[in-house]
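S.K.: Before I ask anything, here is the structure I am working with.
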Amino acid sequence: MSKASAATTLGRCRRSALLVLAAAASLATFVSPSDASASAEFVGIDARPGGTGHVIIEWETDVATTATLVFGLGPTYGQAWIDPALSTRHRADLYDLECDSEYHFAIVSINDGVATNTGDRTFHTSECEVGDGAASPPTVVVHQHHVSISWTSSRPGRGTVVYGESVDYSAAATEPDHAVDNHRIVIDDLACGSTYHFAAISRAEDGVAESTADHVFTTYECTPFIHHVDVQAGETTTTFTWMTDAVAEGTVVFGETDQYDQEVRTNVLETTHRIDLTGLSCATTYHYRIVSIDELGATHRTPSETFTTALCDAVDPIPGLPGQPGPIDETPPTPSEPAAQLGETSLSIEWTTDVVASAAIVWGTDETLDNEASGSAVGTEHRVDLYDLTCETDYMFQTISTGATGVSSRSQVTVVTTAGCGSGIEIDPPVTVDPIEPVDPPGTDPAPAPEVADVAVVDITKSSATVTWSTNVSATGIVSYGADLDLDHDLEVSGVIAGLTQRIVLADLVCDTVYRLSATATTLDGVRSTGVGATFVTSSCDSTEIFDVETHSSDHALVVVWRTDIPADSMVLFGRDISYGATAYAPTVTVDHEIVLNELECDTEYHFRVVSNPLSGAATFTSDLVAITQPCVEPTPISSFAHDTTPVFSGNHKVTTDVYADELDA
């Protein structure tokens, strides 16, 4: 109940009614202190919250008395609870109080005409909760052209959302004509990239209305024809996914310059696209553009962008240092916080991802989350509905978003409670159109299974590998794999976006282990190919992996930082060309590495390689990398980093001691 209405509302009690003291002014004579020698004695007065708007006050008297309790928001009280029965144990239940408020009260007991009072005391009501006389804060799920708004009212009523581009509210949307306390309204035909004001209102059958305050939401930005582009680069492979506003063919043009001397085309009309590039050079920057041609023949292009493949085992100019491929940078989809729309026996969960992904949830009534449900479509806006639930029951769920290469991300576990039994509100299933099943002429053969070809396992590290293949028709891919030799594959990764090529990343592998796999493809009609097998061995457990290589520069120095998966020493080979000519070394064994290169020329390009050698002696190095010192400034002396305890470069660096440089004559 709102504070505006609570002060004028008469509550209810266990055995007596609340009376306004203006009609019982004579009680004021009892509130003055009494003579203790002729009065009852109060024992153990206890006031405690019994819930929102409810306080329980209990006490005892040494003799049987009647009881009157006066209370209000100030020491003038204004309301009273009266129990005329004689008793030594007393309890007053006060209802319809304002939440999160301090109340004054006094107890008056009468025995044989002698009145005793406690004097003024106070209690504090519990914090305001949903349903306490005002609509709860609304939950808003925003899309590009529509929004879903949910809220809870303190009593059943018919919900309305008023909205507009200002607080004047130029439009309204109303629920069907029935009273509920859990409300959900979907507003369509909104402008993309626009900010709207709104308030949610519930009007009960007696005409009493309650409303939220003014709130604001902003619809998603207007997207170009080609949008939600995602690029996942491995060592020699890269996967592109994107969406178009209408069905179109997809093409990626790319090359080591912006002349784009290569291209891969899908030749399939889709709104969700994927293209996998193979046979790329490691540690190489490529320029690319995405081109989509719609059904009307219009060509749409993205601006020129670049991607860089992962570090790799390049031709080694340093004898005796075995190399190892760099790690695969596979970023999972980034999900938004899920929003749940609650029904009495149904639940709808919505969220978005930054890239094209499939949607699923695991759920249950406890932390085991032993049930699973999937969304029906692949995209960036996701919804999963649950039905046949129990009313007024807590449910736990976690969303799962899987990208094109099988890499998944999970949300935090969320707990929601279904609507109250008898509320009448349920979640309507999304409107779908049943597909028209093709009718094959009599005597025709069923659609052929897709053909899987060119299965390869590349970009193998200690803990991951990439499987690529092609199909003769657009299809999704599945890789079943295991460390056994009997093809009894107990693990599986699915590619959720259809294409003429597939690139699936297998993660969490065991080093120095033989794996067998089977790659299959499934068409959009559900026809699945036979599996094509392959075998591979993960990298040695003794080697280390180098990742997160970064440089920070000044005009005469470079700081090179990197990480390894196991402790190893640190070395950087550097110079003005790939013959290098100088080294810097730190013998400390660690997983966080930093080397400082001093006395460099300003505004100069330097080539370098990072080398880390674990205790096993299996050294790992990167391919050739390049960094440029800052432009020359006069004068800017830089003290030696080797023995200077004052950090020169900003950032979270662990300064490595015992650094030295062996300068070799060019």
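S.K.: Among the residues that make up region 183-193, is at least one of them touching a residue at least 60 places away in the same chain (Cβ under 8 Å), part of a strand (DSSP E or B) and open to solvent by less than 30 Å² (accessible area, probe 1.4 Å)?
M.R.: yes
S.K.: Got at least one residue in region 226-244 being open to solvent by 50 Å² or more (accessible area, probe 1.4 Å), under 24 Å from residue 469 (Cα atoms) and touching a Leu at 6+ places or on another chain (Cβ under 8 Å)?
M.R.: Within region 226-244, not a single residue is open to solvent by 50 Å² or more (accessible area, probe 1.4 Å), under 24 Å from residue 469 (Cα atoms) and touching a Leu at 6+ places or on another chain (Cβ under 8 Å).
S.K.: Could I ask something else about it? Filter region 557-595 for residues that are open to solvent by 60 Å² or more (accessible area, probe 1.4 Å), farther than 16 Å from residue 622 by Cα and not in a strand (DSSP E or B) and give the result.
M.R.: 576
S.K.: What about residue 167, is it open to solvent by 30 Å² or more (accessible area, probe 1.4 Å), outside any strand (DSSP E or B) and among the hydrophobic types (A, V, I, L, M, F, W, C)? Talk me through it step by step, then tell me what you get.
M.R.: Working: open to solvent by 30 Å² or more (accessible area, probe 1.4 Å): yes; outside any strand (DSSP E or B): yes; among the hydrophobic types (A, V, I, L, M, F, W, C): yes.
Criteria met by residue 167.
S.K.: Something else: For residue 551, state whether it is surrounded by fewer than 20 Cβ atoms within 10 Å (Cβ to Cβ), in a strand (DSSP E or B), of a type in the set (S, T, N, Q) and at pLDDT 85 or above. Can you show your working first?
M.R.: Numbers: surrounded by fewer than 20 Cβ atoms within 10 Å (Cβ to Cβ): yes; in a strand (DSSP E or B): yes; of a type in the set (S, T, N, Q): yes; at pLDDT 85 or above: yes.
Spelling it out, residue 551 is indeed surrounded by fewer than 20 Cβ atoms within 10 Å (Cβ to Cβ), in a strand (DSSP E or B), of a type in the set (S, T, N, Q) and at pLDDT 85 or above.
S.K.: Can you work out which of the residues in region 438-457 that are hydrophobic (A, V, I, L, M, F, W, C) and at pLDDT below 85 is surrounded by the fewest Cβ atoms within 10 Å (Cβ to Cβ)? Reasoning before the result, please.
M.R.: Of the residues in region 438-457, the ones hydrophobic (A, V, I, L, M, F, W, C) are 439, 447, 449, 452-453, 455-457.
Retained after the next criterion (residues that are at pLDDT below 85): 439, 447, 449.
Numbers: 439: 7, 447: 13, 449: 18.
Only one residue fits best here, namely 439.
S.K.: Could you pull out every one of the strands (runs of 3 or more DSSP E) wholly within region 381-426 that has 1 or more residues that are in contact (Cβ under 8 Å) with a residue 60 or more places away in the chain and more than 30 Å from residue 505 (Cβ to Cβ)? I'd like the intermediate steps shown before the answer.
M.R.: Details: elements: 394-402, 408-410, 414-417.
Counting at least 1 such residues, we get 414-417.
S.K.: A further question on this structure: Here is a list of conditions, (1) closer than 15 Å to residue 556 by Cα; (2) crowded, with 17+ Cβ neighbours inside 10 Å, and residue 604 meets all of them except one; can you say which number that is?
M.R.: Residue 604 satisfies all of (1) closer than 15 Å to residue 556 by Cα; (2) crowded, with 17+ Cβ neighbours inside 10 Å except (2).
S.K.: From the list 152, 122, 160, which residue is among the hydroxyl-bearing types (Ser, Thr, Tyr), loosely packed, with under 13 Cβ neighbours inside 10 Å and in a strand (DSSP E or B)?
M.R.: 122
S.K.: Residues in region 341-356 that are open to solvent by less than 20 Å² (accessible area, probe 1.4 Å), modelled with pLDDT of 85 or more and in a strand (DSSP E or B): how many?
M.R.: So the answer is 6.
S.K.: If I ask for residues that are of a type outside the set (Ser, Thr, Tyr), within 30 Å of residue 461 (Cβ to Cβ) and outside any strand (DSSP E or B), which ones from region 280-310 would you list?
M.R.: Result: 280, 282, 283, 310.
S.K.: For residues in region 197-211 being in a loop (DSSP other than H, G, I, E, B) and either hydrophobic (A, V, I, L, M, F, W, C) or touching a helix residue (DSSP H, G or I) at 6+ places or on another chain (Cβ under 8 Å) (or both), which is surrounded by the fewest Cβ atoms within 10 Å (Cβ to Cβ)?
M.R.: Applying the filter and picking the extreme gives 208.
S.K.: Let me ask another. Can we say residue 538 is in contact with a Cys (Cβ under 7 Å, 6 or more places away or on another chain), buried (at least 20 other Cβ atoms within 10 Å of the Cβ) and in contact (Cβ under 8 Å) with a residue 12 or more places away in the chain?
M.R.: The answer is yes for residue 538.
S.K.: Are there any pairs with C-beta distances below 8 angstrom linking a residue in region 268-279 that is surrounded by fewer than 23 Cβ atoms within 10 Å (Cβ to Cβ) to a residue that is assigned to a strand (DSSP E or B) and acidic (Asp, Glu), with the two at least 6 apart or on different chains, and if so which?
M.R.: 268/249; 269/249; 271/245
The values are calculated or read from the model by the stated rules, or taken from the named source; none is laboratory data. Predicted, not measured: the structure shown is a model, and the values here were computed from it. Backbone-built Cβ (ideal geometry, glycine too); neighbour counts: all protein chains shown. Accessible surface areas use protein heavy atoms only, side chains included; no ligands, DNA or RNA. Shrake-Rupley method; radii C 1.70, N 1.55, O 1.52, S 1.80 Å.
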